[in-house]
Amino acid sequence: MNLPNLLTILRILLTPILIILILQKRLDLATGLFSIAALTDALDGLIARRFNQKTKTGAILDPVADKFLLTSAYLTLSAIDFLPQWLTILVISRDVIIVAGIIILFLFQNGVEIRPSIISKATTVFQLLTILLVMAHNHLGIITNCIQLVYWITAGLTVISGLHYMTVGVTLLNKGSNTGQ
């Protein structure tokens, strides 16, 4: 097991602790823990690329860890009314559509490799930033002016990246059906 994969596993292991801290409204600790988890997301990919430690396990595990962390945080913060439900529904709906698309492509194309796009990476950054700002806002009472703007930017990026992935998926399905597969 290499360092990037260990960092990804750490992110997965931190997620249940994060949920408990948010539910207990220990946003001081939750914000710190979420910051560490977000840092592992940045570091695992950076280390894997920089030191040629990319693995198939990491390629699968990293997006799963991201989905687990973000979905858990959005659902939990929304459940305690710290985050708008419409944004949570949008974020999770996009992820469900992406996962369903990957399953369909896997079934019809006998496997497929989908690399994250620039828009997808920007979406993840803003989804992470949204969680951090929401926790900081509710813990420290700061950042009230820009939080609504961040919600809308996150929503816009989420929709655009979801449409991008759908377009890529449909193109791949059409390509496969045109080649007689």
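Just so it is clear, none of the values below were taken in a lab; they were calculated from the coordinates. Please read all numbers here as calculations on a predicted model, not as lab measurements. Heads up, the Cβs are rebuilt from the backbone with ideal geometry, glycines too, and the neighbour counts pull from every protein chain shown.
Size of the dipole of the range 3-178 about the Cα centre, Lys and Arg at +1 and Asp and Glu at -1 on the beta carbon, nothing else charged, in debye to 20? Intermediate values should be presented prior to the final figure.
Numbers: 12 positive and 8 negative charges, 72 e Å.
The calculation lands at about 340 debye.
Give me log10 I(q)/I(0) at q = 0.11, 0.12, 0.15 Å⁻¹ for the chain, Debye formula, one equal scatterer per alpha-carbon, no solvent.
Rounded to two decimals, the profile gives -0.51, -0.60, -0.90.
Seen from all sides and averaged, what is the projected area of the convex hull of the Cα atoms in the range 61-137, in nm²?
Averaged projected area of the range 61-137's Cα convex hull equals 5.4 nm².
Based on C-alpha coordinates, I'd like the Rg and Dmax of the range 1-94, in Å.
Every Cα atom of the range 1-94 included, Rg and Dmax give 14.1, 42 Å.
Would you please name the chymotrypsin sites (Phe, Trp or Tyr not before Pro) within the range 36-82 that are DSSP coil residues with at most 13 other C-beta atoms within 10 Å of their C-beta?
Working: sites: F51, F68, Y74, F82; in loops: F51, F82.
Qualifying residues, ordered by number: F51.
Quick check for the chain: number of Lys pairs with alpha-carbon distance under 20 Å, counting only pairs 8 or more apart or on different chains? Show your work: numbers first, answer last.
Details: K54/K67; K54/K121; K56/K67; K56/K121; K67/K121.
Step by step, the pairs that qualify in the chain add up to 5.
Pairing the Cα long axis of helix 56-79 with the longest principal axis of the chain, what angle in degrees results, from 0 to 90 and rounded to the nearest 10?
40
Over the chain, what relative contact order in percent results from Cα pairs under 8 Å that are six or more residues apart?
On the way: 151 pairs, mean separation 45.2, N = 181.
Once normalised by length, the contact order is 25 percent.
Roughly how tilted is helix 3-23, in degrees to the nearest 10 and between 0 and 90, from the longest Cα axis of the chain?
40
Give the angle, between 0 and 90 degrees and rounded to the nearest 10, that separates the Cα long axis of helix 85-109 from the longest principal axis of the Cα atoms of the chain.
20
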